[in-house]
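Q: Next up is a structure, given as structure tokens.
The values are calculated or read from the model by the stated rules, or taken from the named source; none is laboratory data. These numbers come from a predicted model, not from an experiment. When we count neighbours, we look across all protein chains shown, and the Cβ atoms used for this are built from the backbone with ideal geometry, even at glycine. Surface areas here come from the heavy atoms of the whole protein model, side chains and all, with no ligands, DNA or RNA. Shrake-Rupley method; radii C 1.70, N 1.55, O 1.52, S 1.80 Å.
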Amino acid sequence: MNEITGQDIILDSITDGVFTVDHDWRITSFNRAAEEITGVPRTDAIGQLCKDVLKADICEGNCALRQTFATGKPLRDRVVTIINAEGEHAPISISTALLRDADGRTIGAVETFRDTSLIEKLRKKIEQKYTFEDIISRNHRMYELFDVLPDVADSLSTVLIQGESGTGKELFARAIHNLSPRKNRPPVIVNCGAMPDTLLESELFGYKAGAFTDAKRDKPGRFKLAERSTIFLDEIGDVSPALQARLLRVLQEKTYEPLGSVKSERADVRIIAATNRDLFEMVRQGKFREDLYYRINVMRLELPPLRERKEDIPLLVDHFIKAFCSLQNKAIEGITDEALACLMAYDYPGNIRELENIIERSFILCKSKMIMPSHLPEPVCGPGTAHDTGSADMTTFRDMEAAFLTNALRKNGWNRLQTARELGIHKSTLFRKIKSLGLKIPDKRQS
Amino acid sequence: MKLAMPVWNDSLSTVLDFADCLLIVDYESGTIHGRSVVDLAGTTMAERVARLRELGIRVLLCGAVSRPLDRMIRAAGIEIIPFLRGRADDVLDAYLSGHLLEPGFMLPGCPRGYGPGRGMGRRKRGDFSGPGRNKKGWNI
């Protein structure tokens with residue numbers, strides 16, 4: 001079974017996944033690309049039922065191969081979803097055809113398939129139809145958020161998302177909406193910080209003809225547009241006290257009046273608010289209404305900044321490289337260990353948005369296959385950074401990991417628990433790393 | 001106690017995320033007291049998890065499952081034993097008798113770094129497959 005045949009060599013040279021089946025739906029050949037996409041080694045796949053290997057949404061009930069066997073006609077570019085090697089939903093495009101021997105008798109069928117995940121991701125970016133599966137993270141604090149997300153989405157309660165600029169508040173809001181029973185209607189996004197107060201008021205609540213000089217006819221507000229859907233009020237901390245009072249009324253009584261109207265309108269709208277400010281502190285300073293704060297703070301999600309989930313940086317870098325390769329039609333394969341060490345050592349005041357910009361910038365400068373420290377901007381890889389101070393002696397990823405952990409430990413006064421917390425890893429992971437890298441922790445009595 | 005299995009015809013459905021039908025088994029001390037079938041067609045991941053919770057499911061035996069759905073099920077406090085295959089009755093008997101680790105019940109290929117792959121290598125055969133065992137679930 002392990003013997004590689006000439007046919008296997010030919011099939012392995014094809015970049016699309018290819019497998020063949022006999023009349024009993026058992027796999028008779030399986031190429032390398034198929035191994036990569038499905039995560040099933042050829043040796044395990046041969047002889048298995050194709051549905052157990054491909055794990056697609058059409059296998060039970062709408063099988064493409066069964067259709068081809070029944071009609072004798074090939075199928076082309078049918079998009080289906082599988083569970084891929086990473087345990088994620090992945091869209092693939094499949095084509096099927098019959099296999100015949102020299103006498104024209106059917107001896108089986110062949111299925112070719114192509115991973116279209118990247119195209120799908122770009123489509124989602126354009127359509128903004130994000131689900132929580134699109135949030136890239138392996139951080140334990142993010143996992144805790146993922147765990148409550150379905151319940152939050154289901155509850156229809158008001159949600160307050162707090163997090164620094166660029167941490168993905170809108171992505172979370174969209175994910176909550178797309179998990180909620182209101183997902184079939186588009187969410188309405190309003191950036192409260194981007195508009196002057198009077199404009200924001202008419203945008204949110206709409207106006208009636210004649211309400212002011214240029215109001216020639218009725219205009220529905222965003223609350224009206226978000227009827228039976230979700231409204232996302234970004235930068236809620238920037239709203240003026242007068243508008244805060246009107247928003248409070250919407251939250252309390254579920255009604256509002258468009259400008260110039262004498263009649264109240266009911267608002268069947270789910271509200272998700274977000275801010276990068278400390279609203280509680282604003283309440284204490286008298287800048288934000290306490291009653292409104294408690295109305296919107298029914299369920300609060302605190303998004304950690306990127307510097308507190310640094311283990312996600314390699315995943316995010318990989319994601320952005322793939323996305324920009326596709327968008328800009330470039331063939332950059334990855335990032336060097338030195339450049340990654342620079343990215344890991346940086347603090348990202350602009351969070352994930354800043355990381356994305358850094359990778360986009362490196363794509364402009366990078367003429368080779370790998371992103372190098374010289375392609376990164378100065379604050380990340382300039383004088384005084386990890387790259388500048390230590391990379392000359394660092395030849396392996398292990399050296400860089402040791403330097404990175406030593407820096408983090410030193411910064412936290414050699415407190416391992418605090419360091420683990422800052423790095424967003426479990427303390428036992430840090431202890432294991434310290435041991436395996438042979439790092440020396442100074443004795444507190446000496447330091 | 002209630003156990004659930006996504007089924008297709010008389011077999012365990014290959015992928016939980018795409019399964020249309022859920023077999024619910026009420027059992028106690030290895031004895032089955034009742035069975036029923038629930039329709040899952042057209043439901044989202046969150047709705048599937050909510051349904052499992054409403055039904056009071058404690059254990060879920062299933063085929064392949066995506067990482068996000070797996071996490072949501074675990075977060076709901078349901079023990080999940082994924083990457084199984086076979087006739088539904090055979091899988092159920094194997095679970096109740098503690099023989100679920102027979103090679104014939106395992107789907108080929110398990111997503112990297114999760115599912116039975118990591119946990120199983122360190123466990124003895126039959127260690128976790130009976131009712132009331134494997135309280136911690138599989139490693140992720």
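Q: What is region A:125-304's relative contact order, in percent, from Cα pairs under 8 angstrom and six or more apart in sequence?
A: After rounding, I find 31 percent.
Q: If you don't mind, there's one more thing I want to ask. Under the definition of partner shielding as Cβ atoms of other protein chains within 10 Å of a residue Cβ, what is the mean value for peptide B:6-15?
A: 4
Q: Averaged over its residues, how many other protein chain Cβ atoms are within 10 Å of peptide B:42-51's Cβ atoms?
A: 4
Q: Measuring from label point to label point, each 7 Å out along Cα→Cβ, what is the A:Leu75 to A:Ala97 span in nm?
A: Each label point is offset 7 Å from its Cα along the Cβ direction, giving 1.6 nm.
Q: What percent antiparallel are the DSSP beta bridges of the protein assembly as shown, to the nearest 5?
A: Values: 47 of 72 bridges.
Antiparallel: roughly 65 percent of the beta bridges in the protein assembly as shown.
Q: Tell me, in nm to one decimal, what length is gained between A:Ala331 and A:Phe280 on full extension, where the rule is 0.36 nm per residue of separation less the Cα-Cα distance?
A: My answer for the length gained is 13.6 nm.
Q: Return the carbon/sulfur percentage of the accessible area of the protein assembly as shown, one whole number, probe 1.4 Å, all protein chains in place.
A: Values: 14240 of 28410 Å².
After summing per-atom areas, the C and S share lands at 50 percent.
Q: Could you order the peptides A:401-413, A:173-185 from most to least packed, using the average number of other C-beta atoms within 10 Å per residue?
A: A:173-185, A:401-413
Q: Checking an interface number: how much accessible area is buried between B and A, summed over both chains, with a 1.4 Å probe, in Å² rounded to 100?
A: On the way: alone 7150 and 23800 Å², together 28410 Å².
Using a 1.4 Å probe, the pair buries roughly 2500 Å².
Q: Still on this structure: Any of A:Lys55/A:Lys433; A:Lys169/A:Lys287; A:Lys367/A:Lys433 with alpha carbons more than 26 Å apart? Name them for me.
A: Pairs exceeding 26 Å: A:Lys55/A:Lys433; A:Lys367/A:Lys433.
Q: What ³J(HN,Hα) values, in whole Hz, does the Karplus curve 6.51 cos²θ - 1.76 cosθ + 1.60 give for region B:2-17 when θ = phi - 60°, with x put for Gly and Pro?
A: Values per residue, Gly and Pro as x: 10, 10, 10, 9, x, 10, 9, 6, 9, 10, 5, 5, 5, 10, 4, 4 Hz.
Q: Sticking with this one: Taking amide H positions as placed 1.01 Å from N in the peptide plane, with prolines and chain starts having none, which residues 5 or more places from A:Cys59, or on another chain, fall under 5 Å of its amide H?
A: Those lying under 5 Å, H to H, from A:Cys59: there are none.
Q: Shape of region A:173-240 from its Cα gyration tensor (a ≥ b ≥ c, root eigenvalues): rounded if a/c is under 1.5, otherwise prolate when a/b > b/c, or oblate?
A: oblate
Q: Here is a follow-up. For the ranges A:289-296, A:215-222, what's the packing order if you count other beta-carbon atoms within 10 Å of each residue, average per peptide, and put the highest first?
A: Going from most to least packed, we get A:289-296, A:215-222.
Q: Then there is this: Please compute, for peptide A:169-180, the average count of beta-carbon atoms on other protein chains lying within 10 Å of each residue's beta-carbon.
A: 1
Q: Follow-up. Would you grab the residues whose amide H sits under 5 Å from the one on B:Ser66? Only those 5+ places off in sequence or on another chain, please, with H modelled 1.01 Å from N.
A: B:Asp17
Q: How high is the relative contact order of region A:39-112, in percent, counting Cα pairs under 8 Å that sit 6 or more residues apart?
A: Once divided by the residue count of region A:39-112, the mean separation gives 25 percent.
Q: Have a look at A:Pro41, A:Ile107, A:Pro305 and report the one farthest towards the positive end of the charge dipole of the protein assembly as shown, computed about the Cα centre with Cβ charges (Lys/Arg +1, Asp/Glu -1).
A: Farthest towards the positive pole: A:Pro305.
Q: Through the Karplus equation 6.51 cos²θ - 1.76 cosθ + 1.60, θ set to phi - 60°, convert the phi angles of region B:80-96 into ³J(HN,Hα) values in whole Hz; use x for Gly and Pro.
A: With the stated coefficients, region B:80-96 comes to 10, 10, x, 6, 9, 8, x, 5, 4, 5, 5, 5, 5, 4, 5, 5, 5 Hz.
Q: Another question, if that's okay. May I ask you to evaluate 6.51 cos²θ - 1.76 cosθ + 1.60, the Karplus curve with θ = phi - 60°, for each residue of region A:368-379 and list the ³J(HN,Hα) values in order in whole Hz, giving x for glycine and proline?
A: With the stated coefficients, region A:368-379 comes to 9, 8, 10, 6, 10, x, 5, 8, 9, x, 4, x Hz.
Q: Can I ask one more? Would you mind classifying chain A by shape? Square roots of the alpha carbon gyration tensor eigenvalues, ordered a ≥ b ≥ c; an a/c under 1.5 is rounded, otherwise it is prolate if a/b is larger than b/c and oblate if not.
A: Verdict is oblate for chain A.
Q: Quick query: amide H of A:Arg300 versus all other amide H atoms, modeled in the peptide plane; which residues come in under 5 Å with a sequence gap of 5 or more or a different chain?
A: Sorted by chain and number, the residues that satisfy this are A:Leu160.
Q: Classify region A:6-115 as rounded, prolate or oblate, taking a ≥ b ≥ c as the square roots of the eigenvalues of its Cα gyration tensor: rounded when a/c is under 1.5, otherwise prolate if a/b is larger than b/c and oblate if not. Intermediate results must be reported in sequence, preceding the final value.
A: Working: a/c = 1.63, a/b = 1.22, b/c = 1.34.
It is oblate, given that a/c is not under 1.5 and a/b is not larger than b/c.
Q: Now, a different point. Rounded to the nearest whole Å², what accessible area per residue is found for the protein assembly as shown with the 1.4 Å probe?
A: Result: 48 Å² of accessible area for each residue.
Q: Suppose we keep just the DSSP beta bridges with both residues in region A:198-354; what percent of those would be antiparallel, to 5?
A: Antiparallel: roughly 45 percent of the beta bridges in region A:198-354.
Q: Computed FRET efficiency, Cβ-Cβ of B:Asp39 and A:Val298, R0 45 Å: what is it to the nearest 0.05?
A: 0.85
Q: Turning to a different aspect of this structure: I'd like the antiparallel share, as a percent to the nearest 5, of DSSP beta bridges with both residues in region A:146-267. Working shown, then result.
A: Values: 4 of 9 bridges.
Bridges in region A:146-267 that DSSP calls antiparallel: roughly 45 percent.
Q: Right, next: Anyone know which of A:Val380, A:Val159, A:Val80 comes out most mobile in the 10 Å Cα GNM of chain A?
A: Checking each option, the largest mean-square fluctuation is seen for A:Val80.
Q: Moving on to the next point. By per-residue mean of other Cβ atoms within 10 Å, what is the highest-first order of A:89-95, A:101-107, A:282-288?
A: Those peptides, ordered most packed to least, come out A:89-95, A:282-288, A:101-107.
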